[in-house]
1. Report yes if residue 262 is in a helix (DSSP H, G or I), touching a residue at least 24 places away in the same chain (Cβ under 8 Å) and out of contact with any helix residue (DSSP H, G or I) (no Cβ under 7 Å at 6 or more places or on another chain), otherwise no.
2. Which condition breaks for residue 222 when tested against (1) under 20 Å from residue 144 (Cβ atoms); (2) modelled with pLDDT under 85; (3) assigned by TED's automatic domain parsing to the domain that holds residue 272; (4) out of contact with any helix residue (DSSP H, G or I) (no Cβ under 6 Å at 6 or more places or on another chain)?
3. May I ask you to list the residues in segment 179-217 that are surrounded by fewer than 16 Cβ atoms within 10 Å (Cβ to Cβ), in a loop (DSSP other than H, G, I, E, B) and over 16 Å from the mean Cα position of the chain (by Cα)?
4. List the number of the failed condition for residue 369; all other conditions in (1) surrounded by fewer than 21 Cβ atoms within 10 Å (Cβ to Cβ); (2) under 22 Å from residue 193 (Cα atoms) hold.
5. Inspect segment 81-94 for any residue being in contact (Cβ under 8 Å) with a residue 12 or more places away in the chain and under 17 Å from residue 7 (Cβ atoms) and give the result as yes or no.
6. Suppose the filter is farther than 21 Å from residue 79 by Cβ and more than 28 Å from the chain's Cα centre (by Cα); does residue 47 pass it?
7. Would you check which residues across segment 33-55 are crowded, with 19+ Cβ neighbours inside 10 Å and touching a helix residue (DSSP H, G or I) at 6+ places or on another chain (Cβ under 6 Å) and list them?
8. Can we say residue 329 is in contact with a strand residue (DSSP E or B) (Cβ under 7 Å, 6 or more places away or on another chain), assigned to a loop (DSSP other than H, G, I, E, B), under 25 Å from residue 268 (Cα atoms) and modelled with pLDDT under 90?
């Protein structure tokens, strides 16, 4: 796939300088153009509508089509075209257009420009970026790939600018703008349904449309895969509204789907699995029944090279290993199973009755650590309590273990 992005500073002016002559030799699949500064109705010449492309424009209604504006050319006919981002304050300024296809969306974006002598323009840009970040966090949960090309009106690092160190603090290279790009670069959101996310007493809805409100308010995805450099995360929906009201279930199709997703992961990626329900009982037995066929499921996930499984459901911090159920070689400690407690309700169990906890998981080379934080009312914040450390599994799919001594799966500090 070949994608070209260009900030035109006026599409008619760019055309006069030979842009379309150049474009004809590029064989691009998509062309995203920002700052076209014209209305589609102003473009009378056929060169603005190359026959090999489907052409789409979104001009600045507020400015009479004489400023801002974005355009998108696509060789393939899209399933849908979206204009605007749902930001009432900015949508009529011609800032975004998107072409949707089966599994991918391509967008052309123009971020508002700010000027040193106009504090209001900087405030406008800041509001737009806040809205945009929330939008990107939302769409990142969808089972869809996005290519967003644009004039972002800012740079991230000194290496991105000639003499970058001399631009520090200037509009387009302020600490706030660079911090926003830091958030964008590291953003990854994973959500998965639990038994409380499907209706209990609305029987008809539970049978026929159990995930209607989940899809509407949380995510269009039920099972999902998230890939960031160094990590592949597969989230599987273990809620089973038609089979088990409280206890969970994972089906053979989900296991196969996870296998295919992890087969495409780089060999050195951390492989993370997320489910709502737990695999082994809690020590006090108050976590309810574990997932059905847990032994077979864990054996399958071990064969996929899963490094870590995160979950919840039991309303207390619970750490175990797949070795509780699945025998294995001496040099393989099994998959760590990490269940989180209750972070925002009063439903804590076991030692965490009436307490709120969260887990902070860090992955550092061959070690994974889980630091448990408990909310302390005196401090008014979550405070660290215990840290659990374990080694990443050394066995990858189709490879022999490189460990010569069996590592201790748990060390509590």
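1. On the way: in a helix (DSSP H, G or I): yes; touching a residue at least 24 places away in the same chain (Cβ under 8 Å): yes; out of contact with any helix residue (DSSP H, G or I) (no Cβ under 7 Å at 6 or more places or on another chain): yes.
Against the criterion (in a helix (DSSP H, G or I), touching a residue at least 24 places away in the same chain (Cβ under 8 Å) and out of contact with any helix residue (DSSP H, G or I) (no Cβ under 7 Å at 6 or more places or on another chain)), residue 262 qualifies.
2. With respect to (1) under 20 Å from residue 144 (Cβ atoms); (2) modelled with pLDDT under 85; (3) assigned by TED's automatic domain parsing to the domain that holds residue 272; (4) out of contact with any helix residue (DSSP H, G or I) (no Cβ under 6 Å at 6 or more places or on another chain), residue 222 is out only on (2).
3. The answer is 200, 201, 202, 209.
4. (2)
5. Residues of segment 81-94 that are in contact (Cβ under 8 Å) with a residue 12 or more places away in the chain, as a first pass: 81-87, 89-90, 92-94.
If we keep only those that are under 17 Å from residue 7 (Cβ atoms) as well, we get 93-94.
Yes, segment 81-94 contains at least one residue that is in contact (Cβ under 8 Å) with a residue 12 or more places away in the chain and under 17 Å from residue 7 (Cβ atoms).
6. Considered against the rule, which asks whether it is farther than 21 Å from residue 79 by Cβ and more than 28 Å from the chain's Cα centre (by Cα), residue 47 comes out as yes.
7. Matches in segment 33-55: 36, 38.
8. no
The values are calculated or read from the model by the stated rules, or taken from the named source; none is laboratory data. No experiment lies behind these values; they were computed from the predicted model shown. Here Cβ is always computed from backbone atoms with ideal geometry, including for glycine, and neighbour counts include all displayed protein chains.
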